[in-house]
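Below you'll find the structure, written out as structure tokens, and then a few comments.
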Amino acid sequence: VMPHECMVVGDTSSDMGMGLNGGAGLIVGVLTGSGTKQQLLDTGAHVVLPDIGHLEDLLRCLPPNEVTASSATVPHEVT
């Protein structure tokens, strides 16, 4: 699996930085940790979810077998 084929999900700026530095195809911030929406976006999140329970909704927005932000129109926040 290539890094651009992976998704990183996290709730801190460090998690977003890890995804960005690792070349993840999709970096998802979750608002259940210490990061605010703006902090997560500023440090690399492609999208921010209110909680991990919304991940399934996000995955439905992506084409089959694609986890890259560029492969779909992904809103910055899924509710």
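Results for (1) closer than 22 Å to residue 12 by Cβ; (2) at pLDDT below 95; (3) open to solvent by 30 Å² or more (accessible area, probe 1.4 Å); (4) touching an Asp or Glu at 6+ places or on another chain (Cβ under 9 Å), shown as yes or no for each residue.
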site: 42; (1), (2), (3), (4): yes, no, yes, no
site: 59; (1), (2), (3), (4): yes, yes, yes, no
site: 62; (1), (2), (3), (4): no, yes, no, no
site: 70; (1), (2), (3), (4): no, yes, yes, no
site: 73; (1), (2), (3), (4): no, yes, yes, no
site: 76; (1), (2), (3), (4): yes, yes, yes, no
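Scanning the range 15-38 for residues that are farther than 18 Å from residue 4 by Cβ, open to solvent by 40 Å² or more (accessible area, probe 1.4 Å) and of a type outside the set (Lys, Arg) gives 31, 32, 34, 36, 38. For beta carbons closer than 7 Å, sequence separation of 6+ or different chains, a first residue in the range 1-26 that is on the phi > 0 side of the Ramachandran plot and a second that is in a helix (DSSP H, G or I), the qualifying pairs are 23/3; 23/4. Only a single criterion out of (1) part of a helix (DSSP H, G or I); (2) modelled with pLDDT of 95 or more; (3) open to solvent by 40 Å² or more (accessible area, probe 1.4 Å) is not satisfied by residue 9, namely (1).
The values are calculated or read from the model by the stated rules, or taken from the named source; none is laboratory data. What you are looking at is a predicted structure, and each value in this text was computed from that prediction instead of being measured. Every residue, glycine as well, gets a Cβ built from its backbone with ideal geometry; the counts of neighbours run over all protein chains shown. We work out accessible area using only protein heavy atoms, side chains counted, and drop any ligands, DNA or RNA first. Shrake-Rupley method; radii C 1.70, N 1.55, O 1.52, S 1.80 Å.
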